[in-house]
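What follows is a single structure, written as structure tokens, with notes after it.
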Amino acid sequence: LSLHDALPISGFQIQRFTNDAQTPDAYCISFGPRGQLLVSGKNYLRLVHDTNLDGVPDHFQDIPIRWSDAPTGHCWDGNKIWFTGNQGLWVAELTDDNKIISSKKVLEFKTGGEHEAHAVRKGPDGNIYVLCGNTTGIQKKHATHPHSPIRNPVAGTLLRYHPKIEKCEILVDGLRNP
């Protein structure tokens, strides 16, 4: 059974857009609000551009961070990219034409391993949610929001980060490798 047979949608077509030389050992992809493609792999977080719209990438832009591991989760929030990697939760801000303005770490925790921080999503409440495995090292010090339901977590967690007030809640604990 081919992928084409598995997706019998009239006019639907799958084609390779980038290759392993351009985006080696890709871990995660996400699409921005204007269709931007963001790819992460070992030691990179890269915007992939097709500026002349011919279906072939012609420009690559790396988020300029000295990587210690691979970004394993990311999501878009307008002109911001939230991502895990380099031992924490980060946010990068871009201009409307995708130039990188800044990047900064907002939470410190372990990343890069199988049982560490991965998934990052923006919730309907405007906050950022991060799913963390049992070796991420989430501790009492991460519960900085006064209404955090969990104060002394055990094992893996689900975090809710409030960007406007720069506080973190621990919503769930006791997980292994979610």
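The values are calculated or read from the model by the stated rules, or taken from the named source; none is laboratory data. Not measured: the values here are computed from a predicted model. FYI the Cβ positions are ideal-geometry reconstructions off the backbone, even for glycines, and counts take in every protein chain you see. Areas reflect the complete protein model, heavy atoms only, side chains present, ligands, DNA and RNA absent. Shrake-Rupley method; radii C 1.70, N 1.55, O 1.52, S 1.80 Å.
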Practice item. Return the carbon/sulfur percentage of the accessible area of the chain, one whole number, probe 1.4 Å, all protein chains in place. Key: 52
Exercise for review: List the residues of segment 21-37 whose backbone N lies under 16 Å from a point placed 7 Å from the Cα of residue 49 along the Cα-to-Cβ direction.
Suggested key: 32-37
**Study point:** Top positive-direction residue, dipole computed over segment 52-160 with Cβ charges, set 65, 112, 52
**Key:** 112
Point to revise | Lysine pairs meeting the criterion (Cα under 21 Å, 8 or more apart or interchain), as found in segment 71-178 | key: 24
Exercise for review: Pairs of Cα atoms under 8 Å, at least six residues apart: use those to get the relative contact order of segment 40-107, whole percent.
Suggested key: 22
**Study point:** Label-point separation in nm, residue 154 to residue 31, each point 7 Å along Cα→Cβ
**Key:** 4.3
Review point. Using a 1.4 Å probe, what is the accessible area per residue for the chain, in Å²?
Key: 55
Study note, to complete from the structure: Of 120, 106, 172, ordered by accessible area with the largest first and a 1.4 Å probe, the sequence is 172, 106, 120
Review point. Separation between the residue 140 and residue 59 pseudo-spin-labels, each 7 Å from Cα along Cα→Cβ, expressed in nm?
Key: 5.1
Practice item. Assign unit charges at the C-beta atoms only (+1 for Lys and Arg, -1 for Asp and Glu), then state the dipole size of the chain relative to its Cα centre in Debye, rounded to the nearest 20. Key: 780
Review point. Where does the charge balance sit around residue 146 when Lys and Arg score +1, Asp and Glu -1, over other residues with C-beta under 15 Å from its C-beta?
Key: +4
Practice item. Just name one of 13, 126, 138: the one whose Cα is farthest towards the positive end of the charge dipole of the chain (beta-carbon charges, Lys/Arg +1, Asp/Glu -1). Key: 138
Check your understanding: Which of the peptides 32-38, 128-134, 96-102 is most tightly packed, and how do the rest follow, going by the mean number of other Cβ atoms within 10 Å of each residue?
Key -> 128-134, 32-38, 96-102
Review point. Which three lengths, in whole Å and largest first, does segment 1-94 cover when its Cα atoms are put on their principal axes?
Key: 43, 30, 26
Review point. When the dipole is taken about the Cα centre of segment 49-107, and only Lys, Arg (+1) and Asp, Glu (-1) are charged at their Cβ, what size is it in debye, to the nearest 20?
Key: 440
Practice item. Could you grab the relative contact order for the chain? Cα pairs under 8 Å, six or more apart, rounded to a whole percent. Key: 12
Review point. By its C-alpha gyration tensor, with a ≥ b ≥ c as the square roots of the eigenvalues, how is segment 113-178 shaped: rounded for a/c under 1.5, else prolate for a/b larger than b/c, else oblate?
Key: oblate
**Study point:** In nm, spacing of pseudo-spin labels at residue 79 and residue 97 (7 Å Cα→C-beta vector)
**Key:** 1.2
Point to revise | Long-range HN-HN contacts of residue 77 with modeled amide H, under 5 Å | key: 82
